[in-house]
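Quick note: the coordinates plus some simple rules give every number you see, no bench work behind them. Just so we're clear, the structure is a prediction, and the values are computed from it rather than from any experiment. Cβ: placed from backbone, ideal geometry, glycine included. Neighbour counts: every protein chain shown.
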Amino acid sequence: MKYAVNIGDITGDTLLAQLLIAPVIQSKVIVDVERGRVDGKAVLLDTDEVRADAICQIVRVKYPDKSKMRCYVSKTGNGGWKRI
């Protein structure tokens, strides 16, 4: 499974972005997770599935509303992104 975090959303919380997300986005791969939306791009998390899932769970604790900080998962990373 591949995990990604919305680029527009992480710019709104610099502490979360710098401490939790920045260390796991070394390749800076941008994926189109919500086609047709201006803010539909996300950055792929470059880490193992367990750590990526843990990061998304921590994000969800801080932001229970899925529209405030969007995390995504895909089986292949080439499409089929689902908001979690």
**OP:** With label points built 7 Å along Cα→Cβ from the Cα atoms of Arg51 and Lys28, find their separation and express it in nm.
**Re:** 1.9 nm
Original post:
In the neighborhood of Lys82, defined by Cβ-to-Cβ distances under 12 Å, what is the net charge if each Lys or Arg adds +1 and each Asp or Glu adds -1?
Top reply: +4
Subject >> Of [x] 44; [y] 48; [z] 51, the label for percent of Cα pairs over 16 Å apart derived from the coordinates >> reply: [x]
Subject >> Fraction of alpha-carbon pairs over 15 Å apart in region 29-71 - percent >> reply: 50 percent
**OP:** Only helical DSSP H runs with n ≥ 4 go in: add -39500 (n - 2.57) per run for the chain, normalise by residue count and round the 222 nm mean residue ellipticity to 500 deg cm²/dmol.
**Re:** -6000 deg cm²/dmol
**OP:** Let me know the number of lysine pairs in the chain closer than 17 Å at the Cα, not counting same-chain pairs under 8 apart.
**Re:** 10
**OP:** Place a +1 charge on the Cβ of each Lys and Arg in region 1-74 and a -1 charge on the Cβ of each Asp and Glu, then give the dipole magnitude about the Cα centre in debye, rounded to the nearest 20.
**Re:** 140 debye
Subject >> In nm, spacing of pseudo-spin labels at Lys41 and Thr14 (7 Å Cα→C-beta vector) >> reply: 2.1 nm
**OP:** Would you kindly state the longest site-free stretch of the chain, with sites defined as trypsin sites (Lys or Arg not before Pro) in a DSSP loop (not H, G, I, E, B) surrounded by at most 11 other Cβ atoms within 10 Å?
**Re:** 38-74
